[in-house]
Each structure stands twice: as C-alpha cells, then as structure tokens.
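See structure below.
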Amino acid sequence: MSNVGSETCKVRTGVDVGGTFTDLVLVDQNTGKIFLGKRLTTHADPSRAILGGSSELRRNLAAR
C-alpha cells in the first residue's frame, strides 16, 4: 500500500529485467488504472533501473 495525498492507495507492481530494457507496470487497485514504464537495464546493478522506474511510476500515480 502507498499513501498518495491523504488517501491510502493499494498498488501492484511488476518488473521484467531484460537484456536491454527493464519494463515496469504499476496497477492502482482502487481505480484499475495502469501505469507503464521502461528503463535501460543497468547490468552492474539491476536495482538501479528498478528503483528509478518504480519512483517514476509512483510520481505518475501521485499526479493523477
């Protein structure tokens, strides 16, 4: 769960780390809205692409 503004928002996140790109999806379970993201895979530390992409998706969710 995530707090967006003053409301609690249930979200699901999926990640696929590939050879070139890391694909991310975030689903707002309250509204059914889907947010998609794509980052270059950071081979030395895949968590960098995952965390950066996740942060971007959460900002998009908060801006809704």
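The values are calculated or read from the model by the stated rules, or taken from the named source; none is laboratory data. All of these numbers come straight from a predicted model, not from anything done at the bench. Please note that ligands, DNA and RNA were not included when accessible areas were found on the heavy atoms of the full protein model with its side chains. Shrake-Rupley method; radii C 1.70, N 1.55, O 1.52, S 1.80 Å.
Largest first, please: the extent of the C-alpha atoms of the chain along each principal axis, to the nearest Å.
Its Cα atoms span 37, 17, 17 Å along the three principal axes.
Suppose a student asked you for the relative contact order of the chain, using Cα pairs under 8 Å spaced at least 6 residues apart; what percent would you report?
After rounding, I find 26 percent.
Using modelled backbone amide H atoms (1.01 Å from N, in-plane), which distant-in-sequence or interchain residues come within less than 5 Å of residue 41's amide H?
Distant-sequence amide H within range of residue 41: 21, 22.
Compute the length gained on full extension between residue 8 and residue 31: take 0.36 nm times their separation in residues and subtract their Cα-Cα distance, giving the result in nm to one decimal.
7.1 nm
Roughly how many Å² of residue 33 are accessible to a 1.4 Å probe, to the nearest 10?
Rounded to the nearest 10, that gives 110 Å².
Between helix 46-62 and the chain, what is the angle of the helix's C-alpha long axis to the longest principal axis, kept within 0 to 90° and rounded to the nearest 10?
With both axes taken from Cα atoms, the answer is about 20 degrees.
Order the following by accessible area, largest value first: 61, 36. Probe radius 1.4 Å; ligands, DNA and RNA are ignored.
Heavy-atom accessible area, descending, gives 36, 61.
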